[in-house]
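Worksheet: the structure to be examined is printed underneath.
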Amino acid sequence: MLEILKQPWPWFASGIAIAFIMILLLIFGKSFGFSSNLRTLCTLAGAGKRNAFFNFDWKTQKWNLLFLLGSVIGGVIAATLLKSEAPVDLSQATINDLAKLNITFDGQLNPSQIFGYEFISSPKGIIILLFGGVLVGFGSRYAGGCTSGHAISGLSNLQLPSLIAVIGFFAGGLMMTHFLLPLLF
Amino acid sequence: MKGIKFILAGILFGIVMAKSEAISWYRIQEMFRFQSFHMYGIIGTAVVIGLITVYLIKKFKLKDIQGDQIIFHDKDKSWKRYLIGGLIFGLGWALTGACPGPMFVNIGYGYWSMGIVVLGALIGTYLYGIWKTKLPH
């Protein structure tokens, strides 16, 4: 059993599991949406004293912070107990495209050229990762949700705003991938 | 420990995201280049099952474990905030290869440098908070 779980999971198994998690949270009386945690963390850091947007009772979101804690533990388990030695089965076309950007596919989940020590200790590396994070954080709060809140929970509930947000996610992602990444790398 | 069930749900989420490689920068690039069905399969399967389940929950007025009827809140009717916010989010998603959940799963996986992305995301969230009233919604 453990040997099977150690293999990379096929898309349908993952899709079913994600839907299960969403349903589980509904049964617990909550709604699946991860990026709300970023706001709660700002509140915990004291942002509520300076800004009304962060002035709310963080305890109402305690369950979501516990979910976040669990997701970190899940990452640890996946990297240890369930670690797979097989390289990511990335499509050859993507490998070729990335090579044109001088990003080498190393078989890991994330390229060491972007997340490795050398890059993150360079000014360019820090700026790219920090600024990328700012875009994700700002964008998800502005749009009122991220992939979990809009693409999964929102679309499942036939929310037009969520569809607009998902179209936005993709428009932004395509712009970055096809026009901006070649300028950055 | 009423909270333990949320930790367990989170653990499952972390394992699923990592084992299906949805936390992979490479996989996100592959998705935005339309070179594999993988990520579309994950999101598509989740949405199809989600649609059916939400429909059934509403139809049969199912209750949560506290005994309250499960209710779904409609999002505010608008398009500006969703389109502009979504666009900005997408730019960051393709650059860092991580949306908010996977950032934290990646840290657990051992990608400590994702901490810089998380720090950025917290700054971005804070900036939204202080500019909120000036932004079109």
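Here, each number is a calculation from the coordinates, and none is a lab measurement. Remember, predicted model here, so these are calculated numbers, not experimental data. Please note: Cβ atoms are built from the backbone with ideal geometry, for glycine as well, and neighbour counts cover all protein chains shown.
Observations, loosely collected:
- If the condition is being of a type outside the set (Gly, Ala, Ser), within 7 Å of chain A (Cβ to nearest Cβ) and over 25 Å from residue B:9 (Cα atoms), then segment B:97-137 contributes B:116, B:123, B:126, B:127, B:128, B:130, B:132, B:135.
- Members of segment A:148-172 that are closer than 13 Å to residue B:92 by Cα and crowded, with 24+ Cβ neighbours inside 10 Å: A:168, A:169, A:172
- Identity of the residue in segment A:11-36, in a loop (DSSP other than H, G, I, E, B) and more than 7 Å from chain B (Cβ to nearest Cβ), that ends up farthest from residue B:124 (Cα to Cα): A:30
- Residue among A:90, A:82 that is in contact (Cβ under 8 Å) with a residue 40 or more places away in the chain, touching a helix residue (DSSP H, G or I) at 6+ places or on another chain (Cβ under 8 Å), outside any helix (DSSP H, G or I) and at the interface with another protein chain (Cβ under 7 Å from one of its Cβ atoms): A:82
- When residues in segment A:140-185 are screened for being without any contact (Cβ under 8 Å) to a residue 40 or more places away in the chain and over 30 Å from residue A:100 (Cα atoms), 16 of them pass.
- Of everything in segment B:77-96 that is surrounded by fewer than 24 Cβ atoms within 10 Å (Cβ to Cβ) and touching a residue at least 40 places away in the same chain (Cβ under 8 Å), the residue that is farthest from the other protein chains (Cβ to nearest Cβ) is B:80.
- Options A:162, A:148, A:140, A:153: the member that is among the hydroxyl-bearing types (Ser, Thr, Tyr), more than 7 Å from chain B (Cβ to nearest Cβ) and assigned to a helix (DSSP H, G or I): A:153
- The C-beta contact set for segment B:39-56 (first residue closer than 9 Å to residue A:19 by Cβ and within 7 Å of chain A (Cβ to nearest Cβ), second residue in a helix (DSSP H, G or I) and aromatic (Phe, Trp, Tyr), distance under 6 angstrom, 6+ apart or interchain) comprises B:45/A:12.
- Residues that are more than 9 Å from chain B (Cβ to nearest Cβ) and not aliphatic (A, V, I, L, M) were ranked within segment A:37-49; the one that is nearest to the chain's Cα centre (by Cα) is A:40.
- Residues in segment B:20-73 that are aliphatic (A, V, I, L, M), under 29 Å from residue A:77 (Cα atoms) and surrounded by 18 or more Cβ atoms within 10 Å (Cβ to Cβ): B:22, B:23, B:28, B:31, B:39, B:42, B:43, B:46, B:47, B:49.
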